[in-house]
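Enquirer: First, the structure itself, so that you have it in front of you.
The values are calculated or read from the model by the stated rules, or taken from the named source; none is laboratory data. Just so it is clear, the model here is predicted, and its values are computed rather than measured. No Cβ is skipped: glycine too gets one built from the backbone with ideal geometry, and neighbour counts run over all protein chains shown.
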Amino acid sequence: MPTFFSSLSELDQRSRQLDALAVQCPHCLCSGNLIGHGRVFRKAHGGISVCVGKRIRCSARYGRNGCGRTIRLYLAHRIPSLQHGADAVQAFVLSLLAGVRVDISYQNATSALSPRNAWRWMNRLRRRLPEWRSRLMDVASVRSGPFAVLFPTLAAWLNSGSVADSQTARNMAFF
Ligand SMILES: [Zn+2]
């Protein structure tokens, strides 16, 4: 089942068609028990709550016999675990690839007053590295230095589109 959707209307449409499409629960693999279970909100940068996706429940009520677990489906332009959107992460990564310093890239991308989270973002990128490389067929390691593997992998990962596009196309959170 796809996890990322390009718009809330596409996500709403998918959650209305769960029965018709006989979508399987990824936990118990049965179909016919999935129902929409409300939207998922996250406090965005600046303190405003924004909708980042929808919750789907494998229902064990009202004549259904699902496993009772929930699944989250997300909007591709949001990073599920992050206050900033995919556009900020995209700007950060492109800036890094252009050779701009990590702290400056972070502050330019997020308008943050302090760069203290810049290295947290770098750590998140590094943690994703093995998974990206396992899904990419051919990645050159041309640079030397601490980002010798990370930067070519990032460039290859985003070769065919934006961070939001990559979440939809590859069905996984960017980081
Ligand atoms: Zn289930």
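Enquirer: What residue, of ASP103, ASP138, ASP165, is surrounded by 13 or more Cβ atoms within 10 Å (Cβ to Cβ), outside the structural domain of SER9 (by TED's automatic domain parsing), among the acidic types (Asp, Glu) and at pLDDT below 95? Lay out the reasoning, then the answer.
Expert: Working: ASP103 fails: at pLDDT below 95; ASP138 fails: surrounded by 13 or more Cβ atoms within 10 Å (Cβ to Cβ).
Going through ASP103, ASP138, ASP165 in turn, just one is surrounded by 13 or more Cβ atoms within 10 Å (Cβ to Cβ), outside the structural domain of SER9 (by TED's automatic domain parsing), among the acidic types (Asp, Glu) and at pLDDT below 95: ASP165.
Enquirer: With surrounded by 19 or more Cβ atoms within 10 Å (Cβ to Cβ) and farther than 18 Å from SER7 by Cα as the only criterion, which of GLY66, GLY46, GLY53 stands out?
Expert: Values: GLY46 fails: surrounded by 19 or more Cβ atoms within 10 Å (Cβ to Cβ); GLY53 fails: farther than 18 Å from SER7 by Cα.
Just a single option satisfies the conditions, and that option is GLY66.
Enquirer: If I filter region 153-160 for residues that are assigned to a loop (DSSP other than H, G, I, E, B) and aliphatic (A, V, I, L, M), do I get at least one hit?
Expert: Within region 153-160, the subset assigned to a loop (DSSP other than H, G, I, E, B) is 158-160.
Those still in the list that are aliphatic (A, V, I, L, M) too: 158.
Within region 153-160, one or more residues are assigned to a loop (DSSP other than H, G, I, E, B) and aliphatic (A, V, I, L, M).
Enquirer: Let me ask you something else. Given the residues GLY46, GLY63, which is the only one that is part of a loop (DSSP other than H, G, I, E, B), modelled with pLDDT under 90 and within 16 Å of the ligand (Cβ to nearest atom)? Before you say what the answer is, go through the steps one by one.
Expert: Working: GLY46 fails: within 16 Å of the ligand (Cβ to nearest atom).
So the residue among GLY46, GLY63 that is part of a loop (DSSP other than H, G, I, E, B), modelled with pLDDT under 90 and within 16 Å of the ligand (Cβ to nearest atom) is GLY63.
Enquirer: Would you mention how many residues in region 66-76 are in a loop (DSSP other than H, G, I, E, B) and either without any contact (Cβ under 8 Å) to a residue 24 or more places away in the chain or of a type outside the set (D, E, K, R) (or both)?
Expert: Taking region 66-76 first, the residues in a loop (DSSP other than H, G, I, E, B) are 66-69, 76.
Checking which are either without any contact (Cβ under 8 Å) to a residue 24 or more places away in the chain or of a type outside the set (D, E, K, R) (or both) leaves us with 66-68, 76.
Count: 4.
Enquirer: Condition (residue is closer than 30 Å to ALA112 by Cα, more than 15 Å from the ligand (Cβ to nearest atom) and free of Cβ contacts under 8 Å to residues at least 40 places away in the same chain) applied to region 14-36: is it met by at least one residue? Working first, answer last.
Expert: Within region 14-36, the subset closer than 30 Å to ALA112 by Cα is none.
For region 14-36, residues closer than 30 Å to ALA112 by Cα, more than 15 Å from the ligand (Cβ to nearest atom) and free of Cβ contacts under 8 Å to residues at least 40 places away in the same chain: absent.
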